[in-house]
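K.L.:
Quick one: the structure is below, questions incoming.
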Amino acid sequence: MKSAAMNKVELSPKEYKSEVTPVWCPGCGDYSVLNSTYIALSQLGLDPEQIVFVSGIGCSSRLPYFVDAYGMHTLHGRALPVAAGVKLANPDLEVIVTGGDGDGFSIGGGHVPHVARKNMDLSYIMMDNSVYGLTKSQASPTSELGFKTKTTPHGNFDNPINPIALAITYGATFVAQASFGKPKDTTEIIKAAIEHEGFSFVNIMSPCPSFNYLNTAAYYNKRVKPLPEDYTPDSRSKALEIAMGPEARDYMGIYFQERTPTYVERIQDIIKAQGGSPDYDIQKIADRFKV
Ligand SMILES: Cc1ncc(C[n+]2csc(CCOP(=O)(O)OP(=O)(O)O)c2C)c(N)n1
Ligand code: SF4
């Protein structure tokens, strides 16, 4: 969410680049996601001093290094709880979580339902390449059946999970899908996710040319298409129907969005109801336990 306390700045996308050069493989889809992110930050006029990128571990989780803002490269699968802590400590910060489908839905899969049902005001950008890239090719939770890797030499025999359907049923208040090959659409979706007040989840198809020989750039570019023209993202059950359909991995756009109180707003309401200041201060709370 763009907080009311957020300073507006005028910076070009380039000015959001850090001095660290990405070391992703040539052709990695994550470059496109990063570029869309720079443009989204610039178009929203976000102040780098008020942005925090939080990630887990994986190639995609390296993204915070490449943005000139605050960043935390945490532990595998633990970006969401750390990000929730950052947001609670300072609700005026714009907290953006980035990572892969392995980080988010394997080891970190237990955290997604909880930040979603709490409606924690975070933007979660997932680079979904259907493989573990950093560790050089193991099947991930979105890998297709039959996908051969070093650890699945007879082909993957686990059914893939469905990130969009999961986010919808977990209660995320913004759920969208994008593709590396449609950078302008991806930029618009990232902007909408950041502006959304509440938990936003964006699944972005991002090929790994080094280790995924099935879900290639050409494969995605051939298949992706916008959600039907008459589609409106205002019904969780309608969104789920599309997400459970045969073309769920192909439809791009905002599946669902609703405005309900965020976790911080709920806390502030309780504090207000009890006659206290809604501007709670985590340091004052911590000081009460000082020995
Ligand atoms: C606790 C722990 N278990 C396993 C690993 C090894 N590991 C690092 S990244 C990774 C998976 C990366 O896949 P994904 O999150 O999809 O990101 P990608 O590299 O494909 O962008 C694994 C298993 C680790 N770093 N820490
Ligand atoms: S291994 Fe795959 S995901 Fe990692 S940088 Fe290379 S292409 Fe990208």
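K.L.:
Could you tell me which of Gly108, Tyr255, Thr169 has its Cα farthest along the dipole of the chain towards the positive end, charges placed at Cβ (Lys, Arg +1; Asp, Glu -1), taken about the Cα centre?
P.N.:
So the residue furthest toward the plus end is Gly108.
K.L.:
Taking θ as phi - 60°, what are the ³J(HN,Hα) couplings along the stretch 57-69 by the Karplus curve (6.51, -1.76, 1.60), each to the nearest whole Hz, with x for Gly and Pro?
P.N.:
3J(HN,Hα) across the stretch 57-69, in whole Hz: 10, x, 4, 5, 6, 7, 3, x, 4, 8, 10, 7, 8.
K.L.:
Roughly how big is the stretch 223-286's charge dipole about its Cα centre, with Cβ charges of +1 (Lys, Arg) and -1 (Asp, Glu), in debye to the nearest 20?
P.N.:
It works out to roughly 180 debye.
K.L.:
Kindly list the residues of the stretch 102-125 that lie in the label zone of Lys272, defined by a backbone N under 20 Å from the point 7 Å along the Cα-to-C-beta vector.
P.N.:
From the stretch 102-125, the list is 118-122.
K.L.:
Along the charge dipole of the stretch 13-260, which of Cys28, Thr149, Ala218 sits closest to the positive end, that is, farthest toward it, with unit charges on the beta carbon of Lys, Arg, Asp and Glu (+1, +1, -1, -1)?
P.N.:
Thr149
K.L.:
Calculate the FRET efficiency for Tyr219 and Thr152 from the Cβ-Cβ distance with a Förster distance of 25 Å, rounded to the nearest 0.05.
P.N.:
Details: r = 19 Å, r/R0 = 0.75.
Efficiency computed from Cβ-Cβ geometry: 0.85.
K.L.:
Roughly speaking, what is the centre-to-centre gap between the stretch 142-180 and the stretch 20-53 when only Cα atoms are used, to the nearest Å?
P.N.:
About 24 Å separates the Cα centre of the stretch 142-180 from the one of the stretch 20-53.
K.L.:
Take the stretch 71-175, drop everything but the C-alpha atoms, weight them equally and run the Debye formula without solvent; then report log10 I(q)/I(0) at 0.17, 0.22, 0.23, 0.24 Å⁻¹ to two decimals.
P.N.:
The Cα Debye sum returns log10 ratios of -0.78, -1.15, -1.22, -1.29.
K.L.:
Below 8 Å, C-alpha to C-alpha, sequence gap of six or more: please give me the relative contact order for the chain in percent. Write down the numbers at each step before the final one.
P.N.:
Working: 617 pairs, mean separation 52.0, N = 291.
RCO, the chain: 18 percent.
K.L.:
What does the extension gain come out to for Glu265 and Val291, with contour length at 0.36 nm per residue minus their alpha carbon separation? Working shown, then result.
P.N.:
Values: separation 26, 0.36 × 26 = 9.36 nm, distance 3.06 nm.
So the chain would gain 6.3 nm between Glu265 and Val291.
K.L.:
Ok, one more. Loop only per DSSP, at most 16 neighbouring Cβ atoms within 10 Å: give me the chymotrypsin sites (Phe, Trp or Tyr not before Pro) in the stretch 70-170, ordered by residue number. Each step should come with its number before you reach the end.
P.N.:
Details: sites: Tyr70, Phe105, Tyr124, Tyr132, Phe147, Phe157, Tyr170; in loops: Tyr132, Phe147, Phe157.
Filter output for the stretch 70-170: Phe157.
K.L.:
While we're on this one: Would you mind working out the magnitude of the charge dipole of the chain relative to its Cα centre, with +1 at each Lys and Arg C-beta and -1 at each Asp and Glu C-beta, to the nearest 20 Debye?
P.N.:
Details: 27 positive and 31 negative charges, 130 e Å.
I would put it at about 620 debye.
K.L.:
Students sometimes get this wrong: rank Met244, Met120 by accessible area, probe 1.4 Å, all chains present, largest first.
P.N.:
Values: Met244 130, Met120 5 Å².
Putting Met244, Met120 in descending order of accessible area: Met244, Met120.
K.L.:
By accessible area of protein heavy atoms, probe 1.4 Å, what ranking do Leu134, Leu122 get, highest first? Mind showing how you got there, number by number?
P.N.:
On the way: Leu134 85, Leu122 0 Å².
Correct descending sequence by accessible area is Leu134, Leu122.
K.L.:
Out of the DSSP beta bridges found with both residues in the chain, what percent are antiparallel (nearest 5)? Write down the numbers at each step before the final one.
P.N.:
Values: 6 of 34 bridges.
DSSP beta bridges in the chain are roughly 20 percent antiparallel.
K.L.:
Next question. Rounded if a/c is under 1.5, else prolate if a/b beats b/c, else oblate: with a ≥ b ≥ c from the C-alpha gyration tensor eigenvalues square-rooted, which is the stretch 1-142?
P.N.:
Oblate is the answer for the stretch 1-142, as a/c is 1.5 or above yet b/c matches or exceeds a/b.
K.L.:
Which value results for Rg/Rh of the chain when Rg is the Cα radius of gyration and Rh the Kirkwood radius based on the inverse mean 1/r? Numbers along the way, then the final one.
P.N.:
Working: Rg = 18.8 Å, Rh = 19.3 Å.
That ratio equals 0.97.
K.L.:
Mind checking which lysines have their Cα closer than 28 Å to the Cα of Lys14? Skip sequence neighbours fewer than 8 apart in that chain.
P.N.:
Lys2, Lys87, Lys182, Lys184, Lys191
K.L.:
Follow-up question, since we're still on this one. Hey, could you pull the Cα Rg and Dmax for the stretch 123-210, both in Å?
P.N.:
Over the stretch 123-210's Cα set, Rg and Dmax evaluate to 14.5, 45 Å.
K.L.:
Just flag the chymotrypsin sites (Phe, Trp or Tyr not before Pro) in the stretch 219-291 sitting in loop per DSSP whose Cβ has no more than 11 other Cβ atoms within 10 Å. Don't skip to the answer; put the middle values down first.
P.N.:
Numbers: sites: Tyr219, Tyr220, Tyr231, Tyr251, Tyr255, Phe256, Tyr263, Tyr280, Phe289; in loops: Tyr231, Tyr280, Phe289.
Passing both the DSSP loop test and the Cβ count: Phe289.
K.L.:
Cα to Cα, under 18 Å, and not fewer than 8 places away if on the same chain: which lysines meet these conditions relative to Lys136?
P.N.:
Cross-link targets: Lys148, Lys150.
The values are calculated or read from the model by the stated rules, or taken from the named source; none is laboratory data. Because the structure is predicted, anything quoted here is derived from the model rather than measured. Cβ coordinates were reconstructed from backbone atoms using ideal geometry, including for glycine residues, and neighbour counts include every protein chain displayed. Ligands, DNA and RNA are stripped out before the accessible areas are found, and what is left, the full protein with its side chains, is counted by its heavy atoms. Shrake-Rupley method; radii C 1.70, N 1.55, O 1.52, S 1.80 Å.
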